[in-house]
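Bear in mind these aren't lab numbers, they're just calculated from the coordinates by the rules spelled out. Small disclaimer: the values here were computed from a predicted structure and weren't measured. In this analysis, Cβ positions are derived from the backbone assuming ideal geometry, glycine residues included, and neighbour counts consider all displayed protein chains.
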Amino acid sequence: MFINRIITRLSAMWPVTVQAHCDTAEGPAVTDGRKALETGNINYALKWVPADGEAEVRDVFDKVLKVRGLGPVAADVADRLFLETLVRVHRMAEGAGFTGIQPAGTRIDPVVEAADEAIASGSDADLLLMVAPERRIELHRRFQAALGLRDFDVDDLEAARRYIAAYVSFFTYTEGEEHDQHAQVSPGSTEHHSHAH
C-alpha cells in the first residue's frame with residue numbers, strides 16, 4: 001500500500017507525454033496566436049478556426065489589443081485569454097475537449113515530433129520509418145498534400161485554411177486515426193471532425 005502511494009506520487013511528478021500538440025504552449029496554434037498578437041494581424045491565428053468560430057476569436061482579439069498596452073501584467077492576462085480562446089475554438093471544431101494550454105516543455109509523442117520535423121524539412125523519410133509499413137503509402141500521400149499547400153499568403157484565409165485542413169489530415173493519420181473523413185472537412189466547414197491535435 002505504501003509503495004503504491006509512492007509510485008502514484010512519483011507518476012504525478014513525472015512529465016506527461018501527450019500525443020497532441022495543438023494545445024501546448026509551444027504548439028503550432030499557440031505559436032501562430034502569438035504571432036498574430038505581435039504583428040496585429042489576426043489572420044495568423046484565424047486559419048486554425050472554422051468560419052463559424054471566427055467571430056468569437058476576432059472579438060476577443062480586438063479587445064485584447066486594446067488592453068495589452070496597459071502594462072506587462074495586463075498584457076500577460078490578455079494574451080492568455082486570446083490564446084486559450086483560439087485553442088478552445090480550434091479543438092471544439094474538431095469535437096475535442098479543451099482543458100487549458102499545456103505548459104512549455106510538455107513532452108510530445110515522438111511520432112508527432114517527427115511529423116512536425118517532416119513538415120519543417122520537407123521530407124517524411126524519417127517519419128515513415130516510425131509507422132507500420134501498411135500505413136506508409138497513405139501517410140506519404142497526406143504529407144505530400146499538406147506540403148503542396150504549405151506556401152500561402154497569410155492574408156489569403158481560404159488558402160490558409162486549406163493548408164490547415166491538409167495539415168490536420170496528415171497529423172490525424174500520423175497519430176493513428178484510420179478514417180479519411182478529415183481530408184474531406186476543411187476548417188471553414190460547419191462539419192466537425194475529431195483528432196488529438
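The table for this structure:
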| quantity | calculated |
| --- | --- |
| Nonlocal amide H pairs with Ile108, under 5 Å, H built at 1.01 Å | Val18 |
| Point-charge dipole on Cβ atoms (K/R +1, D/E -1) for segment 28-93, about Cα centre, debye to 20 | 100 |
| Isotropic mean projected area of the C-alpha convex hull, segment 109-184 (nm²) | 4.8 |
| Burial ranking of peptide ranges 110-119, 64-73 (average Cβ count within 10 Å, highest at the top) | 110-119, 64-73 |
| Calculated from backbone phi, Karplus (6.51, -1.76, 1.60) coupling profile of segment 107-121 in Hz, x at Gly/Pro | 6, 9, 3, x, 5, 6, 4, 5, 5, 4, 5, 4, 5, 5, 8 |
